[in-house]
Amino acid sequence: MDSNSTPEPAAPRRILIAVDGPAASGKGTVARALAAHFKLPHMDTGMLYRAVALTLWRWGGDPGSEFEAVRACEDLNFDSGDPELRSEPVSKIASSISAYPAVRRALLQRQLDFAGQLGGAVLDGRDIGTVIAPNANAKLFVTASQEVRAQRRVRELLERGMPAHYEDVLIDLKSRDERDRNRDAAPLRQAEDALVLDTSSIDRDQATTEAIRLIEARLGANDH
Ligand code: CDP
């Protein structure tokens, strides 16, 4: 090659970002903001579990049956704007069926495909940094106190015109945390190399600004 020729431009770097955290921690908001900032496609993996739950619920299937839950994973078609996906009964079913190893296996490939796309991606969930994308360039674990998360969930439900009582929501959230953290299959766990963002005393805008700052710093550090 002629030594004076212009060097090939470097291939654009593929950025894969993993965002995990417990219910109502703000991880979805943060993940969407990161995706917009870095111009990456985003997958809310909780939606997949919710879609399975909604399918099962519409069939009148038994959430206590791993077999029926796996059947609901076949031909999974859903509209992510469907308000039923975030309703309380569906959230409850999603929390229990997501503990089934066979359900997690059935949903694995589409998450791996999304994480593996050439241009990079942002995924959020419970096991992104640990199971789905352990080699992500940057991992963020978004958290907040149970009380703050319960208040957020109450506000969210009331805004959607659904009934919500703080005490009930808090009890429910505690039992969901317990299930997420203690299940055998892909429990909610902070990856060792994850950066932590505690959103207990900051608002939405501060959380997204801080998330972008943390991830940019981590990506910059990786380059050196
Ligand atoms: O917003 P919230 O945290 O309540 O729910 P979500 O993130 O939409 O997740 C719905 C359900 O799927 C939760 O009960 C999670 O335990 C489960 N989930 C999971 O097991 N693994 C994931 N990667 C994402 C969600």
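The values are calculated or read from the model by the stated rules, or taken from the named source; none is laboratory data. Keep in mind that what you see is a predicted model, and the values were worked out from it rather than measured. Methodologically, a virtual Cβ is constructed for each residue, glycine included, from the backbone with ideal geometry; neighbour enumeration extends over all protein chains shown. Please note that ligands, DNA and RNA were not included when accessible areas were found on the heavy atoms of the full protein model with its side chains. Shrake-Rupley method; radii C 1.70, N 1.55, O 1.52, S 1.80 Å.
Database remark: amide H of A121 closer than 5 angstrom to the amide H of I15, L16, I17 (H placed geometrically; neighbours at sequence offset of 5 or more, or on other chains; Pro and chain starts carry no H).
Looking at the stretch 67-224, the accessible area is 53 square angstrom per residue; that uses a 1.4 Å probe and ignores ligands, DNA and RNA. Model label sites at D193 and E84, defined 7 Å from Cα along the beta-carbon direction, differ in position by 4.2 nm.
Helix-only arithmetic for the chain: the sum of -39500 (n - 2.57) across DSSP H runs with n ≥ 4, divided by the residue total, places the mean residue ellipticity at 222 nm at -15500 deg cm²/dmol. Largest mean-square fluctuation among G120, G46, G64, in a Gaussian network model of the chain whose springs join Cα atoms under 10 Å apart, belongs to G64. Residues whose amide H comes within less than 5 Å of that of L140, counting only those at least five positions distant or on another chain, are A18, V19, D20, L195 (H built at 1.01 Å from N in the peptide plane).
A protection proxy built from the mean count of other Cβ atoms within 10 Å ranks the segments 144-154, 121-131, most packed first, as 121-131, 144-154.
If you sort the three axes of the alpha carbon gyration tensor as a ≥ b ≥ c, you get a/c of 1.5 or more for the stretch 154-201 and a/b no higher than b/c, which makes it oblate.
Stokes-Einstein diffusion for the chain, with the hydrodynamic radius set to the Kirkwood value over Cα pairs and evaluated at 25 °C in a medium of 0.890 mPa s, equals 133 µm²/s. Listed values for the stretch 30-41 are Karplus-derived 3J(HN,Hα) couplings in whole Hz (6.51 cos²θ - 1.76 cosθ + 1.60, θ = phi - 60°), namely 5, 5, 5, 5, 5, 4, 5, 5, 8, 6, 10, x, and x replaces Gly and Pro. For the stretch 1-132, the relative contact order comes to 42 percent (Cα pairs under 8 Å, sequence separation of at least 6).
Placing +1 on each Lys and Arg Cβ and -1 on each Asp and Glu Cβ, with no other charges, gives the chain a dipole about its Cα centre of roughly 60 debye. Its convex hull of Cα atoms gives the stretch 9-110 a direction-averaged projected area, equal to a quarter of the hull surface, of 7.7 nm².
The fraction of Cα-Cα pairs per 10 angstrom bin, counted from 0 for the stretch 130-224, comes to 14, 35, 34, 15, 2, 0 percent, rounded to whole percents. Volume per residue of the convex hull around the Cα atoms, evaluated for the stretch 97-186, comes out as 128 Å³. Normalising by the residue count of the stretch 38-78, find the relative contact order in percent from Cα pairs under 8 Å and 6+ residues apart. Here the relative contact order equals 36 percent.
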